[in-house]
């Protein structure tokens, strides 16, 4: 069976995101004394969990670039394509430039924080209701948390907790987005 570009994009985005989420959970347990409240996610890229974490983040970025290629072929949506490529480049950058390699690490993380939220919002152009509305809400939540993060307003959940309020909505959106793409009827 030949799959549509939309389905292939969804599969690649799903693999990119789910492998990252699972490896994130594993690497948090491999890092002695790691606190999801007090540690940055990127701390996992320089500690004992670094090889596994950095490989996962790199794979996430590479799979997202491949998925974006197929998404562009399916929808010819240049703005969403640019947003997703910049998000993917942020992932690749975080993997290549761990947090002890500044300023490249911070620039890469900023790409994830900004273009993850913008991608979620702009995906409304290819999603149906009500998923498009949920994507907008997840994108706005991520961008709002990013603003608080920059202002160092952590709302009592620590720097790690606030960083997760930026990243988790993006991951939830990407899994939802990928599911919608995979569930689209095949064109004959």
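The values are calculated or read from the model by the stated rules, or taken from the named source; none is laboratory data. What you are looking at is a predicted structure, and each value in this text was computed from that prediction instead of being measured. Note that we place each Cβ from the backbone using ideal geometry, even for glycine, and neighbour counts take in every protein chain shown.
A single entry from 119, 132 fulfils the requirement of being under 20 Å from residue 182 (Cβ atoms), in contact (Cβ under 8 Å) with a residue 24 or more places away in the chain and in a helix (DSSP H, G or I): 119. Within region 73-113, the set of residues being farther than 18 Å from residue 55 by Cα and in contact (Cβ under 8 Å) with a residue 40 or more places away in the chain comprises 73, 74, 75, 77, 79, 80, 113. Quick check: is even one residue across region 108-117 surrounded by 19 or more Cβ atoms within 10 Å (Cβ to Cβ) and closer than 29 Å to residue 2 by Cα? No, region 108-117 contains no residue that is surrounded by 19 or more Cβ atoms within 10 Å (Cβ to Cβ) and closer than 29 Å to residue 2 by Cα.
Only one entry of 171, 141 meets the criterion of being within 16 Å of the chain's Cα centre (by Cα), touching a residue at least 24 places away in the same chain (Cβ under 8 Å), surrounded by 15 or more Cβ atoms within 10 Å (Cβ to Cβ) and over 20 Å from residue 13 (Cα atoms), and that entry is 141.
The condition (being closer than 22 Å to residue 173 by Cα, in a helix (DSSP H, G or I), out of contact with any helix residue (DSSP H, G or I) (no Cβ under 9 Å at 6 or more places or on another chain) and modelled with pLDDT of 95 or more) is satisfied by just one residue among 12, 84, 114, 25: 25. Any idea which of (1) touching a residue at least 24 places away in the same chain (Cβ under 8 Å); (2) buried (at least 18 other Cβ atoms within 10 Å of the Cβ); (3) closer than 23 Å to residue 175 by Cβ is the one residue 44 doesn't satisfy? Among (1) touching a residue at least 24 places away in the same chain (Cβ under 8 Å); (2) buried (at least 18 other Cβ atoms within 10 Å of the Cβ); (3) closer than 23 Å to residue 175 by Cβ, the lone unmet condition for residue 44 is (1).
Of all the numbered requirements in (1) surrounded by 15 or more Cβ atoms within 10 Å (Cβ to Cβ); (2) modelled with pLDDT of 95 or more; (3) within 18 Å of the chain's Cα centre (by Cα), residue 158 misses one, and that requirement is (3).
Across region 128-138, the number of residues qualifying as out of contact with any helix residue (DSSP H, G or I) (no Cβ under 6 Å at 6 or more places or on another chain) and either modelled with pLDDT under 95 or crowded, with 21+ Cβ neighbours inside 10 Å (or both) comes to 3. Among the numbered conditions (1) touching a helix residue (DSSP H, G or I) at 6+ places or on another chain (Cβ under 7 Å); (2) closer than 22 Å to residue 168 by Cα; (3) free of Cβ contacts under 8 Å to residues at least 24 places away in the same chain, the only one that residue 33 does not meet is (1).
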